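One structure is given here, and the rest of the page talks about it.
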Amino acid sequence: MRLCGVTESDARRAVDAVWRIESGRVIAGLTRVFRDVGLAEDMAQDALVAALEQWPGDGVPRNPGAWLMTTARHRAIDAVRRRERLARKVDELGHELELDRGESVAADFAAEVAAAVDGRIEDDLLRLVFTICHPVLSPQARVALTLRLLGGLRTDEIARAFLVGEPTVAQRIVRAKRTLARERVPFEVPEGPLLGERLASVLEVVYLIFNEGYAATAGDDWMRPELCGEALRLGRVLAGLMPGEPEVHGLVALMEIQASRSAARTTASGEPVLLMDQDRSRWDQLLIRRGLAALERAEALGPPGPYGLQAAVAACHARARTGEETDWARIAALYGELARRMPSPVVELNRAVAVSRAEGPAAGLELVDALAGEPALKEYHLLPSVRGDLLAGLGRMTEARAEFERAAALTRNGRERALLLARAAGC
């Protein structure tokens, strides 16, 4: 069944939305068969091209995700048939090329592909994460490639997440796929010591996926809930896989508590609602309870790591019935500890916000101004946004307006831009 009468722009938006949600599943299913991440992505991209060609004219399918998966499967089967025909031609010329099952390979392969993409894709997604996080790749390449393949993010969106240039990220992705193919990295979840070695990178990947869903870097939507859900699911699977690792539970706690605010983070028409203005009765209490329970498990297993500390910050917000009841002094102290454990200008910016709430905007502004020369924050829209908020708190409205306008010019999210411009006008 298809939805007819859609415009080309509607169809293209539908293609983009489906790709965001389904691309990771398609690529993971095909990687199990091909054992080649780059080739699997190529097949998935072929399906995307087919959607871009067909949906504007034929209409958007009733189940677009299934359509994309089926089309990718057909592309994979066609590819192996072409390979089989080529092999026969080579044999006719007297050259050797091994085929596992002779002329039946295409039919058998079709069944194998169907089983792969129709089966339990969840396990394949986890395998894909650990495969991409293999030590043959640099940490930056692991994260970038996973965001590309599993999260369906464009190169420019990944660059925003890393606070680096788009060409740099593009090069990392291309080189990473070539390296995985060249080194024949197995498509599996590692066991024993290898599992622990790759865990930190996997956790970083999962949280970056969550963050892209929680506050989209670009587009017209403030949130992309499907990415938050995918990151949460992967985090919960990891917690079951490694129940004795405190940072796994810390990350799950952090994501559960942050996700609990989702319903209150936007208005009915999709405009963002800032944390202190949210209706806390709309926070999901089940997710909060799950998050606090995961935090307790993490704390019981050992001293908190970076994710455990961030989860403790989130718990301070979750336990406060109103914004005014928030324990900002404890949050500032937690960010101070996080800065010692994981030095970062972004962490320092968050600490400045907490200090401003605990000690006043002047104290926070002093910390923010100390970050003005940080190269990593040069194009980071939250730096002028925070500075504008602090200047407004000090009554310096002209300066605050300029900072909000600068932040609006830097962000690529339409909803966030509108919010920042509204705050500038309010000054």
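The values are calculated or read from the model by the stated rules, or taken from the named source; none is laboratory data. The structure presented is a predicted model; accordingly, all values stated were derived computationally and were not measured. Virtual Cβ from ideal backbone geometry, glycine too; neighbours counted across all protein chains shown.
Do we have Pro303 as more than 25 Å from the chain's Cα centre (by Cα) and farther than 28 Å from Ala392 by Cα here? Here the answer is yes, as Pro303 does meet what is asked. Hey, could you check the stretch 244-272 for residues that are free of Cβ contacts under 8 Å to residues at least 40 places away in the same chain and more than 21 Å from the chain's Cα centre (by Cα) and say which is farthest from Leu421 (Cα to Cα)? Looking at the filtered set, the residue picked out is Ala268. Out of the residues in the stretch 176-195 that are touching a residue at least 12 places away in the same chain (Cβ under 8 Å) and within 19 Å of Ala239 (Cβ to Cβ), which is surrounded by the fewest Cβ atoms within 10 Å (Cβ to Cβ)? The selected residue is Leu195. Taking the conditions (1) surrounded by fewer than 16 Cβ atoms within 10 Å (Cβ to Cβ); (2) at pLDDT 85 or above; (3) outside the structural domain of His134 (by TED's automatic domain parsing) in turn, Asp221 satisfies each one other than (2).
Okay, residues lined up against (1) crowded, with 16+ Cβ neighbours inside 10 Å; (2) within 28 Å of Arg282 (Cα to Cα); (3) in the same structural domain as Asp156 (by TED's automatic domain parsing):
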site: Val313; (1), (2), (3): yes, yes, no
site: Cys316; (1), (2), (3): yes, yes, no
site: Thr326; (1), (2), (3): yes, yes, no
site: Tyr335; (1), (2), (3): yes, yes, no
site: Arg341; (1), (2), (3): no, no, no
site: Pro345; (1), (2), (3): yes, no, no
site: Leu382; (1), (2), (3): yes, yes, no
site: Val386; (1), (2), (3): yes, yes, no
site: Thr398; (1), (2), (3): no, no, no
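When Arg415, Arg406 are checked against the criterion of being modelled with pLDDT under 95, among the basic types (Lys, Arg), buried (at least 17 other Cβ atoms within 10 Å of the Cβ) and within 26 Å of Glu212 (Cα to Cα), a single residue qualifies: Arg415.
Of all residues in the stretch 150-163, how many are among the aliphatic types (A, V, I, L, M) and free of Cβ contacts under 8 Å to residues at least 24 places away in the same chain? Counting residues in the stretch 150-163 that are among the aliphatic types (A, V, I, L, M) and free of Cβ contacts under 8 Å to residues at least 24 places away in the same chain gives 2. Residues of the stretch 220-231 include at least one that is under 21 Å from Gly151 (Cα atoms), of a type in the set (Asp, Glu) and assigned to a helix (DSSP H, G or I). Check the stretch 281-299 and report whether any residue there is in a loop (DSSP other than H, G, I, E, B) and either touching a strand residue (DSSP E or B) at 6+ places or on another chain (Cβ under 7 Å) or more than 20 Å from Arg224 (Cα to Cα) (or both). Looking for residues that are in a loop (DSSP other than H, G, I, E, B) and either touching a strand residue (DSSP E or B) at 6+ places or on another chain (Cβ under 7 Å) or more than 20 Å from Arg224 (Cα to Cα) (or both), one finds none in the stretch 281-299, hence no. The set of residues from the stretch 123-147 being assigned to a helix (DSSP H, G or I), in contact (Cβ under 8 Å) with a residue 60 or more places away in the chain and of a type outside the set (Val, Ile, Thr) comprises Asp124, Leu125, Leu126, Arg127, Leu128, Phe130, Pro139, Arg142, Leu145, Leu147.
Among the residues of the stretch 13-35, those identified as modelled with pLDDT of 75 or more and of a type in the set (Lys, Arg) are Arg13, Arg25, Arg32, Arg35. Being under 30 Å from Thr155 (Cβ atoms) and buried (at least 21 other Cβ atoms within 10 Å of the Cβ): is that true of Leu390 here? The answer is no for Leu390. With the structure loaded, tell me whether Leu232 is hydrophobic (A, V, I, L, M, F, W, C) and in contact with a Phe, Trp or Tyr (Cβ under 9 Å, 6 or more places away or on another chain) or whether it fails that test. Against the criterion (hydrophobic (A, V, I, L, M, F, W, C) and in contact with a Phe, Trp or Tyr (Cβ under 9 Å, 6 or more places away or on another chain)), Leu232 qualifies.
Of all residues in the stretch 18-69, those that are farther than 22 Å from Ala176 by Cα, touching a helix residue (DSSP H, G or I) at 6+ places or on another chain (Cβ under 8 Å) and small (Gly, Ala, Ser) total 5. Taken together, Glu296, Glu379, Glu374 contain a single residue that is of a type in the set (D, E, K, R) and modelled with pLDDT of 95 or more, which is Glu296.
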